[in-house]
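Shown next, in structure tokens, is the structure this report addresses.
The values are calculated or read from the model by the stated rules, or taken from the named source; none is laboratory data. Note that the structure is a prediction, hence the values are computed from the model and not measured. Here the Cβ is made from the backbone with ideal geometry for all residues, glycine too, and neighbour counts use every protein chain on show.
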Amino acid sequence: MARQGDVLPIGLIGCGNMGSSHARQMGALQEINLAAACDVDEAKARATAEAAGDRVAAFADVDELLRRAGIPAVIVATPNFTHRDIVLKAIAAGKDVFCEKPMALTVADCDTMIAAAREAGRKLMVGQVLRLMSVYSTVRRLVGEGLIGTPQAIRVLRSGGRITGQAGAYRASWRAKRANTGGILFEVHVHEFDLMRSLMGEVAEVSAMAENFFHPERDYEDHVVVTLRFRNGGIGVLEAGGAHAIGSTEGIVTGGKGSIAYNGGRNSVVYRLVEPGSETVDVPVERDAGRGIQSELTSFARWVLFDETPVVTADDGRRAVQLAEAAYRSVAQKRAIAIDD
Ligand SMILES: NC(=O)c1ccc[n+]([C@@H]2O[C@H](COP(=O)([O-])OP(=O)(O)OC[C@H]3O[C@@H](n4cnc5c(N)ncnc54)[C@H](O)[C@@H]3O)[C@@H](O)[C@H]2O)c1
């Protein structure tokens, strides 16, 4: 067992948009330290390694990193369709693994990954970071404190602003194909599924509609509406995608005693109780500024080093994938899909 003061040296696999963000945020953390960077695009591995310090090794091949880097754990931040095989390789090489969301593209693959980690006695965590970011963790704290009573109704809207010709991370070529991403619910909105579960509890049933209205360069939807029935009897709706020109990330969650509403863009959380004379109250929220990523990486390191309970688990990652999978089944079969487990 490691001692307080110990640091986890980690290898980063995938040094693109998200991997380089992990590398930057790690610079602010005491418990974890980038020891090696790997990307099939060797220039990216070298740039990430150099930015992190002169003793960080660079690799262009995952097998080389796993064999030679001498690290006990890795972060997997490669495109979605590669997660399963890279995670299984890393576990087979004896590494603890932090895997970016979506955990994989099917529940069956998630089960294979969880079973492999269990059998090898390795730790596996999934980067469902949204619930840890300042606005969302504030909403979760208020719900957890019982402010509104048991949550029974939730509405979440998340849409990337659609601006014609705009460049950015979401133009990476692998993102244009469902075979690579799983579709928009895997690529982006496993975040909202995880948030909704973390506020409302487990889901009993999912129905969904999905269309691609405005993105002919992609072979999957740009607008989805998903309705969820929760096991506690509550109901919810997620509207998401990239169709609206005005980007939004907002929601409202309601229980018997009142409602809490958030707006991610404005970094705001407000609540109002239903008791007489109640007014809408603004709740102070710190700017996230990387806090969500820092808390998930710190938690992973402390799980590996000190066996502390992690803030988000592989089962959370699997359940978000399960909701995405069920939603697409609902779209294909035009009926509600029960969630068995
Ligand atoms: N948690 C979040 O909020 C969040 C945000 C963005 C992306 N992500 C996730 O992070 C992952 C990466 O997304 P991104 O935006 O960084 O994509 P990206 O295209 O910017 O980066 C992916 C990198 O992986 C490299 N790569 C591909 N196959 C590889 C392999 N077999 N071995 C080593 N390197 C390989 C590519 O060369 C590229 O540099 C995706 O799963 C995405 O869903 C999570």
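Considering only residues in segment 244-299 that are part of a helix (DSSP H, G or I) and among the aliphatic types (A, V, I, L, M), the one that is surrounded by the fewest Cβ atoms within 10 Å (Cβ to Cβ) turns out to be Ile293. Anything in segment 41-58 that is without any contact (Cβ under 8 Å) to a residue 24 or more places away in the chain and within 10 Å of the ligand (Cβ to nearest atom)? List them, or say none. Within segment 41-58, Glu42, Ala43 qualify. Out of curiosity, is Val226 surrounded by 15 or more Cβ atoms within 10 Å (Cβ to Cβ), aliphatic (A, V, I, L, M) and either away from the ligand (no atom under 16 Å from the Cβ) or over 17 Å from the mean Cα position of the chain (by Cα) (or both)? When the stated conditions are applied, Val226 passes them.
Just to be sure, is Arg84 closer than 25 Å to Arg302 by Cα, within 12 Å of the ligand (Cβ to nearest atom) and modelled with pLDDT of 95 or more? In short, yes. For Leu105, the conditions (1) near the ligand (Cβ under 9 Å from one of its atoms); (2) not in a helix (DSSP H, G or I) all hold with the exception of (1).
Going by what's in this entry, would Arg140 be described as in the same structural domain as Val253 (by TED's automatic domain parsing), touching a residue at least 24 places away in the same chain (Cβ under 8 Å) and either under 30 Å from Arg67 (Cα atoms) or touching a Ser or Thr at 6+ places or on another chain (Cβ under 8 Å) (or both)? Against the criterion (in the same structural domain as Val253 (by TED's automatic domain parsing), touching a residue at least 24 places away in the same chain (Cβ under 8 Å) and either under 30 Å from Arg67 (Cα atoms) or touching a Ser or Thr at 6+ places or on another chain (Cβ under 8 Å) (or both)), Arg140 qualifies.
Touching a Leu at 6+ places or on another chain (Cβ under 9 Å) and not assigned by TED's automatic domain parsing to the domain that holds Arg329, is that true of Ile114? Judged against the criteria, Ile114 is a match.
Within segment 300-339, being of a type in the set (Asp, Glu) and either in a loop (DSSP other than H, G, I, E, B) or away from the ligand (no atom under 15 Å from the Cβ) (or both) holds for Asp307, Glu308, Asp315, Glu325.
The condition (being modelled with pLDDT of 95 or more, part of a strand (DSSP E or B) and closer than 27 Å to Tyr271 by Cβ) is satisfied by just one residue among Ala208, Ala240: Ala240.
For Val97, are the conditions met, namely being buried (at least 18 other Cβ atoms within 10 Å of the Cβ) and either assigned to a helix (DSSP H, G or I) or among the acidic types (Asp, Glu) (or both)? Judged against the criteria, Val97 is not a match.
Based on this model, can you work out whether Arg131 counts as part of a helix (DSSP H, G or I) and crowded, with 19+ Cβ neighbours inside 10 Å? Yes, satisfied. Val76 satisfies every condition listed in (1) surrounded by 18 or more Cβ atoms within 10 Å (Cβ to Cβ); (2) more than 10 Å from the ligand (Cβ to nearest atom) except (2). In the set (1) within 14 Å of the ligand (Cβ to nearest atom); (2) in contact with a Ser or Thr (Cβ under 9 Å, 6 or more places away or on another chain); (3) not in a loop (DSSP other than H, G, I, E, B), Lys89 fails one condition alone, (2). Among the criteria (1) away from the ligand (no atom under 16 Å from the Cβ); (2) under 22 Å from Glu187 (Cβ atoms); (3) touching a residue at least 40 places away in the same chain (Cβ under 8 Å), the one Thr164 does not fulfil is (3).
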